[in-house]
Amino acid sequence: MLAKVYVLRFTNLNDARSAATHVSEAMGKRLGSYDVSGLTVLLRKEGIVKVIARFDCQKAFQRMQTARPDVLAEVQNLFPCMIEDASAVTVFSYERDATVTV
């Protein structure tokens, strides 16, 4: 399983919290079009949002790799932030049930 990891660094927690909500909703609507097999959005108290998108096949992964989600540009326009992105191979992943937390 391949993964695309985005780390969004904000100047304050309130912007990060709002951005995390925006990213969650916007990426959630695009799961099918990006052929995402798993999506995790994490919020840290330091004002950092981490987005991990997992893919079952290389074709879907490469599609995300070449077409950076417009969601990230939207967030960058709404809130000042730095965005890092990296590619990874999932070594281990476990989820008991699908959950949504707020």
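The values are calculated or read from the model by the stated rules, or taken from the named source; none is laboratory data. Everything numeric here is computed off the predicted structure, so don't read it as measured data. Methodologically, a virtual Cβ is constructed for each residue, glycine included, from the backbone with ideal geometry; neighbour enumeration extends over all protein chains shown. Areas reflect the complete protein model, heavy atoms only, side chains present, ligands, DNA and RNA absent. Shrake-Rupley method; radii C 1.70, N 1.55, O 1.52, S 1.80 Å.
Mind checking which lysines have their C-alpha under 25 Å from Lys59, skipping anything on the same chain fewer than 8 residues away?
Within the straight-line limit of under 25 Å, Lys59 reaches these lysines: Lys4, Lys29, Lys50.
In terms of modelled amide H atoms, which long-range or inter-chain residues lie less than 5 Å from the amide H of Thr90?
Under 5 Å from the amide H of Thr90: Leu2, Ala3.
In the stretch 11-102, which trypsin sites (Lys or Arg not before Pro) fall in coil by DSSP and have 10 or fewer other Cβ atoms within 10 Å?
Here the sparse-neighbourhood loop sites are Lys45, Arg96.
If you count only protein heavy atoms with a 1.4 Å probe, what accessible area per residue comes out for the chain, rounded to a whole Å²?
65
Only sites in a loop by DSSP and with at most 11 other Cβ atoms within 10 Å count here; which chymotrypsin sites (Phe, Trp or Tyr not before Pro) in the stretch 5-99 make the cut?
For chymotrypsin sites (Phe, Trp or Tyr not before Pro) across the stretch 5-99 that sit outside H, G, I, E and B with at most 11 neighbouring Cβ atoms in 10 Å, the list reads Phe92, Tyr94.
Once you compute Rg and the Kirkwood Rh from C-alpha atoms, what is the Rg to Rh ratio for the chain?
Taking Rg over the Kirkwood Rh, I get 0.95.
Taking H placed 1.01 Å from N in the peptide plane, check which residues at least 5 places from Ser37 or on another chain put their amide H under 5 Å from its amide H.
The answer is Arg54, Phe55, Asp56.
Which residues make up the longest stretch of the chain that has no GluC sites (Glu not before Pro) in a DSSP loop with at most 11 other Cβ atoms within 10 Å?
Maximal segment without exposed cleavage sites: 47-94.
Would you please give the FRET efficiency between Leu13 and Gln62, computed as 1/(1 + (r/R0)^6) with r the Cβ-Cβ distance and R0 = 41 Å, to the nearest 0.05?
About 0.75, to the nearest 0.05.
Through the Karplus equation 6.51 cos²θ - 1.76 cosθ + 1.60, θ set to phi - 60°, convert the phi angles of the stretch 19-27 into ³J(HN,Hα) values in whole Hz; use x for Gly and Pro.
5, 4, 5, 4, 4, 4, 5, 5, 5
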